[in-house]
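We did not get these values from a lab; they are worked out from the coordinates using the rules stated. Values in this document were obtained by computation on a predicted structure and should not be read as measured data. For neighbour counting, all protein chains shown are included, and Cβ atoms are generated from backbone atoms with ideal geometry for every residue, glycine included.
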Amino acid sequence: MELWYTEKQTPSYGITAKVKETYVSEQTEFQKLDMIETEEFGTMLVLDGMVMTTDKDEFVYHEMVAHPVLYTHPNPRKVLVVGGGDGGVIREILKHPSVEKAVLVDIDGKVIEYSKKYLPNIACGLDDPRVEVIVNDGFMHIHDHKNEYDVVMVDSTEPVGPAVNLFTRGFYQGIYDSLKEDGIFVAQTDNPWFTPDLISSVNRDVKEVFPIVRVFWANVPTYPSGLWTFTMGSKKYDPLEVDESAIPEIDTKYYSPRLHKAAFVLPKFVEDLVK
Ligand code: SAM
């Protein structure tokens, strides 16, 4: 018998992947956690029925959360990741020698535990001496740490369940306050095909808090629609004013100095959402 995992990305549309094995299927304190082996995308972490990351396409998302913002700030030393319990963004952050400390705050310790066991290529940086892993609500952490971070990255689940507070104006104000006077933040902000209103509302809220707001995108095949957006809010530095020739070629498979500014060129129907 064939077994297939289907993610309903809308009530009437989804993707399906042929499953070879189920490693974990557990209701944690915060969400349903499934870790499965798929034929096409390898090991796949699923939370509340939504694909979080896969062995095959994880590099796109994790590189694009980490590198555009870290090459926009001239000297990022202390970085915070809210969510990101699979460790992929932390792995990319560690490729930046200027970073002295990377703090990861994920509300669910089980995501961290199972990612270390079943996604070793993604979670490999979580035990690095520069990394501090905290199991807590990122919303609380942000409000308890003022004027502390050069860069904040929000690598959370969709705005449901434990992540619902991570897409609010109050959270963006909290991020602003937790950043140093020239800090920058970036958040994953879903897709324009099925959640256009979210992109627009986040853009509006972030523009009320930050003087510089930019949206960029990448192709993540296992995420809803495959066209994934990210929103950057900056107190001082503009990603479009970076000198690409000063960006080094590092060990990446999606991000590059050539792609840095190109990623901010949006299809017109996406531009219209953030005007
Ligand atoms: N790349 C994925 C995406 O774009 O949907 C996100 C992956 S990462 C595994 C998402 C993480 O956000 C989960 O581990 C979840 O536990 C965490 N999370 C959700 N709400 C949170 C909160 N309030 N504070 C901290 N972490 C949270």
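Across segment 119-136, the number of residues qualifying as surrounded by 18 or more Cβ atoms within 10 Å (Cβ to Cβ) and near the ligand (Cβ under 9 Å from one of its atoms) comes to 0. Looking only at segment 61-87, which residues are within 11 Å of the ligand (Cβ to nearest atom), in a strand (DSSP E or B) and of a type in the set (Val, Ile, Thr)? Passing the criteria: VAL81, VAL82.
The one condition from (1) more than 10 Å from the ligand (Cβ to nearest atom); (2) crowded, with 24+ Cβ neighbours inside 10 Å that GLU58 does not meet is (1). The number of residues in segment 168-209 that are touching a residue at least 12 places away in the same chain (Cβ under 8 Å) and either β-branched (Val, Ile, Thr) or closer than 18 Å to TYR223 by Cα (or both) comes to 19. Among all positions in segment 20-33, there is no residue which is out of contact with any Asp or Glu (no Cβ under 7 Å at 6 or more places or on another chain) and crowded, with 18+ Cβ neighbours inside 10 Å.
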